[in-house]
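Here the structure is laid out as structure tokens; the discussion comes afterwards.
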Amino acid sequence: MVSAESGKSLKKRVQQWVKFSLLPPLGAAAIRSVARTMHCETLGHEALDGLYREGRNIILAFWHAQQLMIPIGYRGTGSHVLISQHGDGEIIARIIARFGHEAVRGSSTRGGTGALRALIKLGRSGRDVVVTPDGPKGPRHVAKLGVIHLAKVTGLPIVPLAFACSKKNSLRAGIATWSRTRFPEGYFSTEIHSGSRAKPMTPHSRRLAWSLRRSSID
């Protein structure tokens, strides 16, 4: 006979296995599958590519609700990503590991000081670091001072990255901005700040970023 306590323990182990062993490869496969169904274009990346050619590194920043397609839009060779110490953060950490990224665990509410120190050390040692300036608890689309402090002490430029997409049917899903076009298309837009030499975003890429922001706020 299996005791109730043993049954609960077995159930918990199965749940843990599903969360941490099964979901990450499925999640990574889903992201790649979605990317393959779209024609993706990156806008405003010329200055960023110039930084990489000079051997420089960056702080990549994007809003918390836009993280799904960011592994596809990243143009570097590997980064360290700030991820919450919450249990779901472990799932995200294992998903991004399949795209060549490593996790630094912490947030504004838990382990943030140690995580910021780790990001500073990594940034100074020549690694890209990735943050969500508004964090998981918001306020939404309001950058906290942590990313500014990180840029100041590391000397790295902040590169914001946004994703928007269009589809045949006028629908909304997740972070995307949907409009009536013939084929699915995905757009990544970037613009470099913190005093780096940057070309301005084109009017088209600015409209994409603004429409994405409006879609997230509505």
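Where a number appears in this text, it was derived from the coordinates with a stated rule and is not lab data. These figures come from a predicted structure and were not determined experimentally. Note: ideal-geometry Cβ built from the backbone for every residue, glycine included; neighbour counts use all protein chains shown.
Tabulated values for the structure
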{"item": "Virtual spin-label span in nm between Val142 and Asp49, 7 Å along Cα→Cβ", "result": "3.8"}
{"item": "Amide proton proximity set for Ile83, modelled H, under 5 Å, gap of 5+", "result": "Val104, Arg105, Gly106"}
{"item": "Highest average packing first - 86-94, 124-132, Cβ atoms within 10 Å", "result": "124-132, 86-94"}
{"item": "Full-extension gain in nm, Ala30 to Arg98, via 0.36 nm per residue minus C-alpha separation", "result": "23.3 nm"}
{"item": "Per residue Cα convex hull volume in Å³ - calculated over the range 28-73", "result": "106"}
{"item": "Backbone HN-Hα couplings from phi across the range 72-85 [Karplus 6.51/-1.76/1.60, Hz, Gly and Pro as x]", "result": "7, x, 5, 10, x, 10, x, 8, 10, 10, 6, 10, 4, 7"}
{"item": "Cα centroid separation - the range 101-134 against the range 52-97, whole Å", "result": "11"}
